[in-house]
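The values are calculated or read from the model by the stated rules, or taken from the named source; none is laboratory data. Note that the structure is a prediction, hence the values are computed from the model and not measured. Ideal geometry is used to build each Cβ from the backbone, glycine not excepted, and the neighbour counts take in all protein chains shown. Just the protein is used for accessible areas: all its heavy atoms, side chains included, with ligands, DNA and RNA removed. Shrake-Rupley method; radii C 1.70, N 1.55, O 1.52, S 1.80 Å.
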Amino acid sequence: MKYTIEHALHYAYDSPVRSSTQYLRLSPRDTTRQKVLDWKLEAPGQPMRTQDGYGNVLHVMTVDRPVSEITIRAHGTVETSPTLDEPSDFTGATLSPLVFLRFTTLTRADEKLAALAETFRRRTGTLSGLRELAAAVHKQQGGHSAADMSHAFIACCRHLGVPARYVSGYAYSPKNGGEERMAMHAWVEAWVVDRWRSFDVAVDYPIGEGHIKIAVGADYLDACPIRGVRTGGGIETLSAQASVVANQ
């Protein structure tokens, strides 16, 4: 399926920003299950394109003059495979899964999560066991955001010695004539036997053709769409809109 994606972010400040450096992860890469047909990033200046340590497309945006607002727009077309849970590593990725055993502040299991994880310890070496764990996390964390549920599942996996990583991207589901407006979505990939397997804990289902992968990392902070520093600006107000449209 081909999807047209539009994502716009507008930052307004109550006093001028004197300088700003922002790291943008808003551009998808080809994987074994998705192909980027076209993509464009529009932002102040000319953001420098590079690649971070996880293989994500990274743009470094620098604003070196006073501004009271910043607008960033990412848009393009991506084609995905209809196969459920198809491998989705970035093309040419070589990073060891063991990197994703490291705990972070956002993925450290508290007493409640650790106790839940322990009930699945004997089955963590199997895909079915991890699917059951994801379902249990979904039930326990119901009502939380996709990011929070993803962090909870990652915490459980790492507690049990299973490499797991955070994935940011877009998700599509037919609604109101085929268009879904939503913020960016989040899911998890866990290493099972010999490859990454996908877990959309928010809906308790593996990823399918409606998932468009943007970035991976140890947690949200490694894969978030925008992160950086600024001087000045005072109070910041963010307006964001995202849409994913299926092209029949």
In sequence order, calculated HN-Hα J values of the stretch 190-196 (Karplus, 6.51, -1.76, 1.60; Hz; x Gly/Pro): 10, 7, 10, 6, 9, 6, 6
Karplus (6.51, -1.76, 1.60) ³J(HN,Hα), θ = phi - 60°, over the stretch 120-126, in Hz, Gly and Pro reported as x: 10, 4, 5, 10, 6, x, 10
Ordering of 208-219, 63-74, 193-204 by burial proxy (mean other Cβ atoms within 10 Å per residue, highest first): 208-219, 193-204, 63-74
Residue-averaged 222 nm ellipticity for the chain, from DSSP H runs of 4+ at -39500 (n - 2.57), nearest 500: -4500 deg cm²/dmol
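Below 15 angstrom from the Cβ of L127, what's the summed charge of the other residues (Lys, Arg +1; Asp, Glu -1)? Please report the intermediate quantities before stating the final value.
Working: positive: R122, R123, R131, R195, R197; negative: D85, E86, E132, E189, D194, D200, D204.
Residues close to L127 contribute a combined charge of -2.
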Partners for K40 among aspartates and glutamates (Cα-Cα distance below 12 Å; same-chain residues under 8 apart left out): E6
Portion, in percent, of the accessible area of the stretch 3-162 that falls on carbon or sulfur, probe 1.4 Å: 52
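Taking the mean number of other Cβ atoms within 10 Å as a proxy for protection, how do you rank 142-154, 123-135, 105-117, 42-54 from highest to lowest?
Details: 142-154: 21.2, 123-135: 17.5, 105-117: 15.5, 42-54: 13.5.
Order by mean packing, descending: 142-154, 123-135, 105-117, 42-54.
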14 Å beta-carbon shell around H10, net charge (K/R +1, D/E -1): -3
Per residue solvent-accessible surface (Å²) - the chain, probe of 1.4 Å: 48
Amide proton proximity set for G217, modelled H, under 5 Å, gap of 5+: Y166
Between the stretch 139-174 and the stretch 200-239, the alpha-carbon center distance in angstrom: 13
Dipole of the chain, positive end: most advanced residue of P44, V137, I214 [Cβ charges, Cα centre]: V137
In sequence order, calculated HN-Hα J values of the stretch 15-32 (Karplus, 6.51, -1.76, 1.60; Hz; x Gly/Pro): 8, x, 7, 7, 7, 7, 10, 10, 9, 9, 10, 10, 10, x, 10, 5, 10, 5
Signed unit charges on C-beta, dipole axis of the stretch 13-64, positive-most listed residue G55, T32, V17: T32
